[in-house]
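Below is one structure, written out as structure tokens, with a few remarks after it.
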Amino acid sequence: MALTGCANRVSYKPPVSAPLTAATDWNTPLPGGVNAKPADDKALAQWWEALNDPILTSLEQRALKGNLDLRKAEARIRQARALRNAAQTELKPTVNASGSANGGRSSGRTGFAQTSQSYSAGLDASWEPDFFGRIRQSIDAYNADIDTAQEDLRNTLVSLTAELALDYVDVRSYQAQLATTQANLKSQRDTYDLTVARYESGLATQLDAEQARLTVESTAASIPTLEAARQKAVNAIAGLLGERPGSIDSELAAAKPVPAVPSQITVGVPADLVRRRPDIRSAERQVAAQTARLGVTMANLNPAFTLSGALSLNSTTIQNLVTPAALASSLAGSVSQTVFNRRKLHEQVNAQDAVVDEYIAAYQSTVLTALQDVENALDAFGKEHARRKSLVQANEAAERAAAMSRELYSAGLKDFLTVLDAQRSQLTLQNELVQCDAAIAADLVRLYKSLGGGWN
């Protein structure tokens with residue numbers, strides 16, 4: 001029976017993914033400052049420190065302590081361990097103890113009233129030998145569930161650290177856009193005052209004054225929108241910290257620049273993703289758990305053996321309850337086997353086998369998604385760097401054009417429409433440059449997230 005049990009255990013082989021095993025390098029050309037050397041796991045675990053922003057580092061540390069999603073993930077690990085521990089008890093016999101005492105008195109009307117007493121105590125035990133591995137494979141499944149819950153916790157860490165950093169970048173981006181917009185608003189108001197003065201002197205038309213006012217009011221109208229977006233990002237950070245909205249407003253009130261991107265970034269090679277990405281590791285553990293459950297279903301096709309025994313003590317007096325004469329015992333063994341409905345059991349095996357295939361496909365899909373995440377992040381990171389070079393040149397040209405148009409308008413050599421176009425272009429390009437810097441930082445955060453950074 002023991003040999004048969006070993007033969008019926010389902011052996012587990014970790015799934016493989018052809019796209020990952022075939023990939024030796026990234027498909028996207030690495031931009032300047034990015035290399036494919038093996039990444040430092042310790043540095044990747046706290047990648048936000050590479051951004052050299054003490055406030056961001058402090059917020060990340062607080063989130064690791066107070067985030068509520070982390071608490072839920074930790075609770076799921078405890079639940080999985082408890083279920084595994086409960087399953088392990090099935091390997092041992094079940095023992096029950098019982099005791100009773102009874103007393104009675106008959107009617108005394110006949111003059112012969114009688115009293116009676118009885119006492120009993122007993123132990124009964126039952127045990128199902130795990131000849132075919134059903135219980136052990138069930139325990140294997142629960143152990144894999146624990147591993148899955150642990151990987152899900154790590155995946156929560158990866159998502160948490162990245163989301164917090166993205167919200168922080170948004171806060172700094174909106175602050176920078178507000179500063180740019182307010183500076184341009186001041187310049188536009190100066191232009192409006194100049195236009196009104198020229199209109200009152202007969203050197204400009206009322207249309208010029210109204211167009212100048214239109215530009216001022218349009219720019220002023222964009223400020224509340226930026227402020228609302230900034231506050232939304234601040235509140236999102238507070239939520240990730242496990243705190244109420246408004247609790248960190250004072251900490252982020254002062255405007256700071258968008259975190260600077262380090263000059264050198266190491267991304268490793270595609271094969272590293274299996275080791276780093278918790279979602280891939282979790283998907284593999286789900287395959288392992290389901291494979292073990294397939295083994296449990298297959299074990300149900302075999303006979304079930306049960307050994308049971310009982311010891312009991314019965315006496316009419318409590319003094320004689322523990323004497324050898326009061327002792328009774330029994331021992332029994334039984335076997336059961338489904339005979340007429342085995343097709344149902346076979347179909348249950350087929351169903352569990354199909355679920356294994358489903359989890360293997362999910363694992364391979366997770367690997368493909370991970371590869372796509374990295375490739376997309378690398379491509380976006382490189383493209384934003386190239387875009388920034390052009391935006392820097394465009395901003396310099398826009399600043400010169402705005403200054404020159406205002407001077408020429410003051411001298412009466414250009415019409416007011418030229419001034420308006422130059423000022424609008426300057427504001428647009430300045431905000432685009434701020435947004436580009438934020439996009440580069442955000443793309444770097446997404447790259448770290450796609451590499452599985454933030455947990456080990």
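The values are calculated or read from the model by the stated rules, or taken from the named source; none is laboratory data. What you see is a predicted model; the values in this text were computed from it and never measured. Cβ coordinates were reconstructed from backbone atoms using ideal geometry, including for glycine residues, and neighbour counts include every protein chain displayed.
Which residues, counting only those in the stretch 217-261, are part of a helix (DSSP H, G or I) and within 22 Å of the chain's Cα centre (by Cα)? Spell out how you get there, then give the answer.
Taking the stretch 217-261 and keeping what is part of a helix (DSSP H, G or I), we get 217-240.
Once the filter is applied, which keeps residues that are part of a helix (DSSP H, G or I) and within 22 Å of the chain's Cα centre (by Cα), the stretch 217-261 yields 232, 233, 234, 235, 236, 237, 238, 239, 240.
In the stretch 336-343, the condition of being touching a strand residue (DSSP E or B) at 6+ places or on another chain (Cβ under 7 Å) and loosely packed, with under 11 Cβ neighbours inside 10 Å is met by at least one residue. With respect to the conditions (1) of a type outside the set (A, V, I, L, M); (2) modelled with pLDDT of 90 or more; (3) farther than 24 Å from residue 156 by Cβ; (4) surrounded by 14 or more Cβ atoms within 10 Å (Cβ to Cβ), residue 199 falls short on a single one, namely (2). Annotation: of all residues in the stretch 306-333 being exposed (fewer than 12 other Cβ atoms within 10 Å of the Cβ) and over 24 Å from residue 116 (Cα atoms), the one that is nearest to the chain's Cα centre (by Cα) is 333. Each residue in the stretch 262-305 was checked for being under 25 Å from the mean Cα position of the chain (by Cα), part of a helix (DSSP H, G or I) and basic (Lys, Arg), and 4 pass.
Here residue 370 clears all of (1) without any contact (Cβ under 8 Å) to a residue 24 or more places away in the chain; (2) under 30 Å from residue 440 (Cβ atoms) except the condition numbered (1). Just one of 354, 380, 386, 403 is in a helix (DSSP H, G or I), under 24 Å from the mean Cα position of the chain (by Cα) and modelled with pLDDT of 85 or more; which is it? Being in a helix (DSSP H, G or I), under 24 Å from the mean Cα position of the chain (by Cα) and modelled with pLDDT of 85 or more holds for just one of 354, 380, 386, 403, which is 380.
Tell me which residues, restricted to the stretch 62-88, are of a type in the set (S, T, N, Q) and closer than 15 Å to residue 143 by Cβ.
79, 85, 88
Just checking, how many residues over the stretch 296-331 are touching a residue at least 12 places away in the same chain (Cβ under 8 Å) and touching a strand residue (DSSP E or B) at 6+ places or on another chain (Cβ under 8 Å)? Residues meeting the conditions: 23.
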